[in-house]
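Contents: one structure, followed by commentary.
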Amino acid sequence: MFYSGIKTLLPRHLVIQRLRSTAPGVLLTFDDGPHREVTPGVLERLDKYHAKAVFFVIGRRIQDAPQVLEDVQAGGHLIGNHSYSHEDRYVRASERSVKFGEYYKDIKRCQTGIRKFTGKQPRLFRPPGGRLTPVTLLVAKALGLRCVTWSKETGDWRFRSSREARLGGVALAKATKPRDILLLHDDNPYVLDLLDCLLPELAQRRMDLASGVEYL
């Protein structure tokens, strides 16, 4: 596994960690959906603030919420590949290493699932856990995908109360700067409380929340 210091040295054609230098705003990204209850609430809030995002979806969850995936696309958002199975061993360095062949099949299976329900082939990929290894980078390259990680997060996946989520939203808003790529998760209902704090604060600061998808 690459150390974080080395990750920052990887060229943009391998890994996108922030928006291009000419970007006027920030980019919201959501992992681990689609979720039939949470994702629609996320879409509603994004629409209210004219924000566009990238949704990195897990392939095995698409069949539980196919209409939601269509709504994401209809809203002008991008859909990215976040693997089909999102196994723990994809995330944790302590788990058994994943071979190129099995990882390739998993990521390709997610590509096929997304294309089946949207008619479009994803061009962006976020490795589960943001874990960058020679295998994850090579598989992305082989499938014509660009790896996208992030520059700011608040650990929203572990929030278990509205108060915790609101505090996380405030903290993330304060930390966010132009060109940041924000990591959030649309399988946790508390992300809606977070967005209710984050989005108005970013809008008040006149952050461009719409054009980030064009500056990857």
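Rounding to the nearest 20 debye, state how big the charge dipole of the chain is about its Cα centre with +1 on each Lys and Arg Cβ and -1 on each Asp and Glu Cβ.
Working: 35 positive and 24 negative charges, 175 e Å.
The dipole of the chain has a size of about 840 debye.
For the chain, find the longest principal axis of its Cα atoms and tell me its angle to the long axis of helix 38-48, 0 to 90°, nearest 10.
50 degrees
Angle, helix 162-175 long axis vs. longest principal axis of the chain, Cα atoms, 0 to 90°, nearest 10?
90 degrees
If we count every other residue with Cβ under 12 angstrom of Lys52's Cβ, Lys/Arg +1 and Asp/Glu -1, where does the sum land?
Working: positive: none; negative: Asp47, Asp208, Glu214.
The answer is -3.
Which distance in nm do the two modelled labels at Glu102 and Ser211 give, with both placed 7 Å along the Cα-to-Cβ direction?
4.5 nm
How much net charge surrounds Arg109 when only the other residues with a Cβ under 13 Å from the Cβ of Arg109 are counted, with Lys and Arg +1 and Asp and Glu -1? Please report the intermediate quantities before stating the final value.
Details: positive: Arg60, Arg61, Lys105, Lys108, Arg115, Lys116; negative: Glu87, Glu102, Asp106.
Computed value for this residue: +3.
Which of these values of Rg/Rh (Cα atoms, Kirkwood Rh) was calculated from the structure shown: (1) 1.04; (2) 1.01; (3) 0.94?
(3)
What is the sum of charges around Leu19, taking Lys and Arg as +1, Asp and Glu as -1, for the other residues whose C-beta is under 11 Å from the C-beta of Leu19?
On the way: positive: Arg12, Arg18, Arg20, Lys177, Arg179; negative: Asp180, Asp208, Glu214.
Local charge sum for Leu19: +2.
Report the relative contact order of segment 4-214, percent, no decimals, based on alpha-carbon pairs under 8 angstrom and at least 6 residues apart.
On the way: 409 pairs, mean separation 69.1, N = 211.
Taking the mean separation of contacting Cα pairs over the length of segment 4-214, I get 33 percent.
Taking only Cα atoms, what is the 0 to 90° angle, nearest 10, from helix 100-118's long axis to the longest principal axis of the chain?
Orientation of helix 100-118: about 50 degrees from the principal axis.
What are the lysines whose alpha-carbon lies under 25 Å from the alpha-carbon of Lys48, with same-chain residues fewer than 8 places away excluded?
Lys152, Lys174, Lys177
Just so you know, all these numbers are worked out from the coordinates, no wet-lab data involved. Not measured: the values here are computed from a predicted model. Neighbour counts are summed over all protein chains in view; Cβ atoms, including those assigned to glycine, are modelled from backbone coordinates with ideal geometry.
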